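The values are calculated or read from the model by the stated rules, or taken from the named source; none is laboratory data. Values in this document were obtained by computation on a predicted structure and should not be read as measured data. Cβ placement follows ideal geometry from the backbone for every residue including glycine, while neighbour counts extend to all protein chains displayed. Remember, those area values only see protein heavy atoms, side chains included, never the ligands or the DNA or RNA. Shrake-Rupley method; radii C 1.70, N 1.55, O 1.52, S 1.80 Å.
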Amino acid sequence: MITRRHILASALAAPAILRLGIGTAHAATTLKISHQFPGGTIDKGDFRDRLCRMFAQEVTKRSGGEIVGEIYPNSSLVKTNAQFAAMRKGALDISLYPMPYAGGELPETNIGLMPGLVATYDQGMRWKKEPVGKALTDFLADKGIILLSWVWQAGGVASRSRPIVAPEDAKGLKVRGGSREMDMVLQTAGAAVLSVPSNEIYAAMQTGACDAGITSSTSLISFRLEEVAKALTSGAGASYWFMLEPLMMSKAIFDKLPKNQQDILLAVGTEMEVFGRKGAQDDDVEVAKVYEKAGAKVSALDVATVGKWRDIARDTAWKDYGAKTATSAKLLKLASDVSA
C-alpha cells in the first residue's frame, strides 16, 4: 500500500523536481547546499544558514524555477570535514565551508586563516579583486571548487578559565585554534592545541578536553559557548583571527549547467557578499552582549596586542606555510601585498 509517507520519501530522494508551466513540464535542477552551522529560517538564526537560504531563494526566483536549493544544516547531509572532498568529487553541490578545514587535503587553503595576515574586513574583501584573489580562485578551480561568495569572519576566544588576550595568556592551556598555522602560533605561545571543527568545541570545552576555543564571533554565539565559558576575548575592534568561509560549489556540478544558470549562480553569489559581511560584523558586536549577559568576563583586543600575535605568526606560521608549495609561497606573497 502506498502511503503519504512513501510519497514524501520519494519526493525527498528524487534528484529533480518537476516544475509545471503552461502546457509543459520540465525537470528543475536541485542543488544540495550543506553546512555545519545551526539551521534556522531565512529571517532568523545563524547568518551563514540564512545566507544559504537567501541564495537558494534568489537563484530559484531568477531562474524561473529551473534551479532549486535544498539546505542541509548541522552537517546533516555530509560530515563537516568531508564536505570539501565531497564537492571536489561532485558528490556534494554547494557548501558554506571554512576554507582552512581543507588544509589537510590541500595545505594551500590554509591561507584562509593565516594569523595576523588579514586585519580588517576591507582588507579581506579586497582579496577578491586583487591578484591574490585570482590566484586563489584559479587554484581552487583547478582542484574542482568554484567560489560563489567571499565571506570573511573575525574571531575571538571563549575560555573556561582565564581570558586569553595576549600570547602569554595561552601558556599551559589546551586551545582550539582553527587551522594548522594558528596552532603553530599557539604552541609557540606555550599552549597545547586541539584540532576540531567549530561545531565540536562545545563538547570539548564541556568535558575539559579543551580550555579555550578560538572561532568566529558567529560561532561563539551559535554554538552557545557562553554556557561553558567564563571569559571572552572579543575581536570586534581588532583581531589576529580572520577566517575565509566562502560559499563554494563543486566545479563538476557547475560545469554541467547551462551558461545562463552558471551566470545566475555567480551573480547571486556575489550579491550575497554584502549580507555576509554585515552578518559577520553585527555578530562581532552582539557576541560581547551575549557573554556579558551569561556572566562571562569580556576583554577586547587592541592593535598593539594583535601585533604581538602577528609577530609570532610571521616568524613561525607564515614561514612554514610559504615553504609548503610554490602555490603557497605565491599566495602568501600576494596576500602580504594587500596587507602592506
Please label the shape of region 239-340 as rounded, prolate or oblate, based on the square roots a ≥ b ≥ c of the eigenvalues of the alpha-carbon gyration tensor (a/c under 1.5 means rounded; beyond that, a/b larger than b/c means prolate, else oblate). oblate
Starting from 0.36 nm per residue, how many nanometres of slack lie between residue 85 and residue 41 once their C-alpha separation is accounted for? 13.1 nm
For a quick check of understanding: with a 1.4 angstrom probe and all protein chains in place, what accessible area in square angstrom does residue 138 have, to the nearest ten? 80
Quick check: the angle from helix 303-315's long axis to the longest principal axis of the chain, C-alpha only, nearest 10 degrees? 80
Can you show me the helix-derived [θ] at 222 nm for the chain, built from DSSP H runs with n ≥ 4 at -39,500 (n - 2.57) apiece and divided by the number of residues, rounded to the nearest 500. -13000 deg cm²/dmol
Once both labels are modelled 7 Å past Cα along the beta-carbon direction, what's the residue 260-residue 134 spacing in nm? 3.1
Hey, what did region 81-188 get for relative contact order, percent, Cα under 8 Å, at least 6 apart? 28
DSSP-defined beta bridges in the chain - what % are antiparallel, rounded to 5: 60
On a full-extension model of 0.36 nm per residue, what is the gain between residue 166 and residue 278, subtracting their alpha-carbon distance, rounded to one decimal in nm? 37.6 nm
Assuming R0 = 56 Å, can you tell me the calculated FRET efficiency for the pair residue 326 and residue 285, based on Cβ-Cβ distance, to the nearest 0.05? 0.90
Given the protein chains as shown and a 1.4 Å probe, how many square angstrom of residue 49 are accessible, to the nearest 10? 0
Quick one: order 165, 285 from most to least accessible surface, probe 1.4 Å. 285, 165
In region 162-231, trypsin sites (Lys or Arg not before Pro) in a DSSP loop with at most 15 other beta-carbon atoms within 10 Å: 171, 224
Rounded, prolate or oblate: which fits the chain when a ≥ b ≥ c are the square roots of the eigenvalues of the alpha-carbon gyration tensor, with rounded for a/c under 1.5 and prolate only if a/b beats b/c? prolate
Place the peptides 293-306, 194-207 in order of packing, highest mean first, counting for every residue the other Cβ atoms within 10 Å and averaging per peptide. 194-207, 293-306
Kindly express, to the nearest 10 degrees and within the range 0 to 90, the angle between helix 4-13's C-alpha long axis and the longest C-alpha principal axis of the chain. 70
Percent of beta bridges antiparallel (DSSP, region 144-277, rounded to nearest 5): 75
Summarise the accessible area of region 217-340 (1.4 Å probe, protein heavy atoms) by the percent that is carbon and sulfur. 55
Sorted by packing (mean other beta-carbon atoms within 10 Å per residue), highest first, where do 126-133, 37-44 land? 126-133, 37-44
Given the peptides 211-223, 69-81, arrange them by the average over their residues of other C-beta atoms within 10 Å, most packed first. 211-223, 69-81
Local electrostatic count at residue 121 - Lys and Arg +1, Asp and Glu -1, tallied over other residues with Cβ under 15 Å: -2
Taking the Cα atoms only, what angle lies between the long axis of helix 47-62 and the longest principal axis of the chain, rounded to 10 degrees? 30
Subtract the Cα-Cα distance of residue 70 and residue 209 from 0.36 nm times their separation in residues, and report this length gain in nm to one decimal. 46.5 nm
